[in-house]
Amino acid sequence: MRTLVLAFCLLFAAPALAGPIAVSAEAKAEATLDDLFLRLKKAQIPEQAERVADDIQHRWRQSGSATVDLMMGWAGDAAEAKKFDVALDFLDQVTILAPAYAEGWNRRATVHFLAEDFSKSMADIEKTLALEPRHFGALSGMAVILRSAGREELALKAYERVLALYPANREAQAAVSELSEKLTGDRI
């Protein structure tokens, strides 16, 4: 009986004595990203907010795969050289290899935008936002596309979503001001 009680005590005491449970690297990265978003929301000085936004974007670019990172680099070089078809070939592979990597979809949305294929850009923006709803870059891209298509009320809502995440974003502030004035004037 004593042996059974001792075994029972050891069974339940061992996890408690083992110390804190190890937190996965992914959970730590997410916690850090959450902290960065909190800092971004609280930042009142635009330059300070830009630094935090840059830190967030740096995190987003980290795919966790050397292969994906290499292809993202090649895609960036091709897009910079205006070889959009080549960039899209690399980004198609990125989205196949790492379908949960939001920045791959966002980068592909950007290249589609640069190639003036706005419907494909919007589809990739939607995928980006499904994976990372706080992606203020994707929301900004969505707002630009909606505004250029004359869908100003929807563009305003997208810019407002940007400001909810990144209140010190000057471009979004200006766009919200312009669109609000225009839409208010249209209603009168």
For the range 141-188, name all the residues that are part of a helix (DSSP H, G or I), surrounded by fewer than 20 Cβ atoms within 10 Å (Cβ to Cβ) and of a type in the set (Gly, Ala, Ser).
-> 148, 164, 174, 177, 180, 185
Considering (1) in the same structural domain as residue 114 (by TED's automatic domain parsing); (2) surrounded by fewer than 16 Cβ atoms within 10 Å (Cβ to Cβ); (3) under 17 Å from residue 138 (Cα atoms); (4) not aliphatic (A, V, I, L, M), say which one residue 57 fails and leave the rest.
-> (1)
The lone condition residue 64 fails out of (1) modelled with pLDDT of 95 or more; (2) in a helix (DSSP H, G or I) is (2)
Please give the number of the condition residue 30 fails out of (1) part of a loop (DSSP other than H, G, I, E, B); (2) at pLDDT below 95; (3) acidic (Asp, Glu).
-> (1)
Select, from 178, 171, 132, the only residue that is within 21 Å of residue 49 (Cβ to Cβ) and without any contact (Cβ under 8 Å) to a residue 12 or more places away in the chain.
-> 178
Identify all residues within the range 95-116 that are under 15 Å from residue 82 (Cβ atoms) and of a type in the set (Gly, Ala, Ser); write none if there are none.
-> 115
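Residues that are modelled with pLDDT of 60 or more, within 30 Å of residue 113 (Cα to Cα) and in contact with a Ser or Thr (Cβ under 7 Å, 6 or more places away or on another chain): does the range 79-98 have at least one?
Checked against the condition, which is being modelled with pLDDT of 60 or more, within 30 Å of residue 113 (Cα to Cα) and in contact with a Ser or Thr (Cβ under 7 Å, 6 or more places away or on another chain), the range 79-98 yields at least one hit.
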Would you call residue 137 touching a residue at least 24 places away in the same chain (Cβ under 8 Å) and either outside any helix (DSSP H, G or I) or under 15 Å from residue 57 (Cβ atoms) (or both)?
-> yes
When residues of the range 106-129 are filtered for being surrounded by fewer than 22 Cβ atoms within 10 Å (Cβ to Cβ) and either touching a Phe, Trp or Tyr at 6+ places or on another chain (Cβ under 7 Å) or outside the structural domain of residue 75 (by TED's automatic domain parsing) (or both), how many remain?
-> 3
Note on residue 71: of the conditions (1) over 30 Å from residue 163 (Cβ atoms); (2) without any contact (Cβ under 8 Å) to a residue 12 or more places away in the chain, unmet is (2)
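The values are calculated or read from the model by the stated rules, or taken from the named source; none is laboratory data. What you see is a predicted model; the values in this text were computed from it and never measured. Virtual Cβ from ideal backbone geometry, glycine too; neighbours counted across all protein chains shown.
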